[in-house]
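Only the coordinates and a few stated rules stand behind these numbers; no lab work does. The model shown is predicted, which means the values in this text are computed figures rather than measured ones. Neighbour counts run over all protein chains shown; Cβ positions are idealised from the backbone, glycine included.
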Amino acid sequence: MRHDIEVIKYKNGFVGFTMSEIWTIVLALAVVALTIWYYAFRNLDYFKKRGIPYVPPVPLFGNMGGMVFRTKTFSETILEAYKFNPEAKYVGFFDFGSPVIFVRDPELIKTITIKSFDNFPDHKMLSEEISDKLFKQNLFGLNGQRWREMRALLSPTFTSSKMKILFKLMKDCTSNFVDHLKTRNAKSGEFEMRDALTRYTNDVIMTSAFGISVNSLEDPDNDFYVTGREATNFTGARSLKLFFRRSFPTLANIVDVKLWSDKIVNFYENIVKTTIAARDARGIVRPDMLQLMMQARDKSETLKLTDDDMAAHAFTFYFGGFDSVALLMCCAIHEIAVHPDVHEKLQAEVDQVSEECGGVVSYEALHAMPYLDNVVNETLRLHSPAVTTDRLCRQSFELPPAQPGLKPFLVEPGVSIWLPFAAIHKDAKYYENPEEFDPDRFGDEGKSKIDPATFLPFGSGPRLCIGNRFALMETKLVIFELLANFDITACSKTINPIRLSRSSFVPNIEGGVWLKLERRNQREFESST
């Protein structure tokens, strides 16, 4: 009998396996099963053994099962964990199989992100799990000394003086945006603002970061918008890849699972490298982020920005500025539309500033509008684009007891801390009637009651979002121009309150943002006749 070396052929033509091949398959399946079992059960008693209150997990998925099976959004998952034990400064949480310290206390968050930053200097969420080079080499993905050097090199790119330079580029895109809305509808009509605003943010970031002028509203299928839409889409296959990378990072690295295709990576790399080469060769100078990075590259004697570095940073600006800023704009305009009192008060401020500026708002005037600032801040509170962020422990740190009667907890190197900013923004302990949209809470009287440690829309400490000035300027400018030219109201398709989709890992508004825009000059013309 030679069953262990012969191939068995059946009458129906099916070719079987030798005994050695069968045993190889059995062994491989056993290894896979043991690996899954290991990842599913290895840390489930982590917090129980340490006497820390924790959200009960399920094997493999931890506390993220609702997202995987699309029964909860990421925001709902975080808010549920935040409310699990209201008396605790922090609770245990499971990011799939990885234990996470979920910090609820604002003062403790300040300690972690500022006072004890050297103990928690890095991100782990995604940066250590994603192998894609455009992500690994950008400012969010970098860790340690490399991050410190790159942050110091890039920070001057986002000062107020540099934002003034970019303001002109942004205004050109805003004019195109408003003109398109007027052209599409000579009198009044209903618009899906989510699609329109992502096209607007695409054009702003392309001209501001890459130095390329494009009009995605007039040319809806241009390569820049189509590729950007694909790169920022976290539904379908990319959502599954993300789940796989986060659940089995070692195995994902072995089989080289990447979130972005070579086509997308090459697209952005070619844009940056071609533009840099042309500018270097011809001495071209353009007031955009790429030019500012090239200047920083030439000034630094100790750290050189390579073309790959600049491509990665430009991609990060695009990734953050394309979708999350459009989401912020959508939420702000929606709230303005469904709150007529806010609309009236803000539009009056817009009209006053417009008159003072001769119809063309300046950088200084835009940033000196108190009620516009209140509206944007209240939108950031109620609809935080960043649901949570993380910090990775590099040096052991002792947390105070989670609640009276418990012992202090020693955070060991390699353990992640999650900071649930969006949940804190909706805590009635810090904000009265937290689900209501009330810009006056950020006014002269209201803001004195707000603890700065409870309002962190762009993060906290040295890892604060480097592009926050850019995002705020872009959001304020588009709101200003929309209200200067249109009356914005709810329509039959408006969904209020806004609901987030459960089909995407990143926040996405379900059903879109449908609003009615009526041209103000058309209405005034009809009244006068």
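Simple rule: put +1 on each Lys or Arg Cβ and -1 on each Asp or Glu Cβ in the chain, find the dipole, and look at 400, 458, 482; the Cα lying farthest toward the positive end is 400.
Computed over the chain, relative contact order equals 22 percent, with contacts defined as Cα pairs under 8 Å that lie 6+ residues apart.
Reported to the nearest whole Å, the Cα centre-to-centre distance from segment 339-370 to segment 473-487 is 9.
Here the spin labels are modelled as points 7 Å beyond Cα on the Cα-Cβ line, and at residue 27 and residue 521 they lie 7.8 nm apart. In a DSSP loop and with at most 12 other Cβ atoms within 10 Å, the chymotrypsin sites (Phe, Trp or Tyr not before Pro) in segment 43-132 are 69. Scan (i) 24.0; (ii) 27.9; (iii) 25.5 for the value of Kirkwood radius over Cα pairs in Å calculated from this model and give just the label. Label of the calculated value: (iii).
Extension gain, residue 362 to residue 184, is 61.4 nm, computed as 0.36 nm per intervening residue step minus the present C-alpha separation. Between residue 122 and 392, the built amide H atoms are under 5 Å apart, and every one of these is 5 or more places off in sequence or on another chain. Taking the charge dipole of the chain about its Cα centre, with +1 at Lys and Arg Cβ atoms and -1 at Asp and Glu Cβ atoms, the residue from 46, 492, 433 reaching farthest to the positive side is 46.
Loop-located trypsin sites (Lys or Arg not before Pro) across segment 63-129 with a Cβ neighbour count of 15 or fewer within 10 Å are 70, 83, with loop assigned by DSSP.
Phi-derived couplings, Karplus 6.51 cos²θ - 1.76 cosθ + 1.60 at θ = phi - 60°, listed residue by residue for segment 434-444: x, 7, 8, 8, 9, x, 5, 5, 9, x, 4 Hz, with x used for Gly and Pro. Scanning residues 5 or more positions from residue 415 or on other chains, those with amide H under 5 Å from its amide H are 393, with H placed 1.01 Å from N in the peptide plane.
Here the dipole of the chain is about 1660 debye; that uses its Cα centre as origin and unit charges on the Cβ of Lys and Arg (positive) and Asp and Glu (negative). Of 251, 242, 327, the sequence from fewest to most neighbouring Cβ atoms within 10 angstrom is 251, 242, 327.
Mind jotting down the distance between the C-alpha centroids of segment 134-204 and segment 373-427, whole Å? The distance from the Cα centre of segment 373-427 to that of segment 134-204 comes to 27 Å.
Loop only by DSSP, 12 or fewer other Cβ within 10 Å of the Cβ. Give me the chymotrypsin sites (Phe, Trp or Tyr not before Pro) in segment 186-246 that pass, ordered by residue number.
Working: sites: 191, 200, 210, 224, 225, 234, 243, 244; in loops: 234.
When the chymotrypsin sites (Phe, Trp or Tyr not before Pro) of segment 186-246 are filtered for loop state and at most 12 Cβ neighbours within 10 Å, nothing remains.
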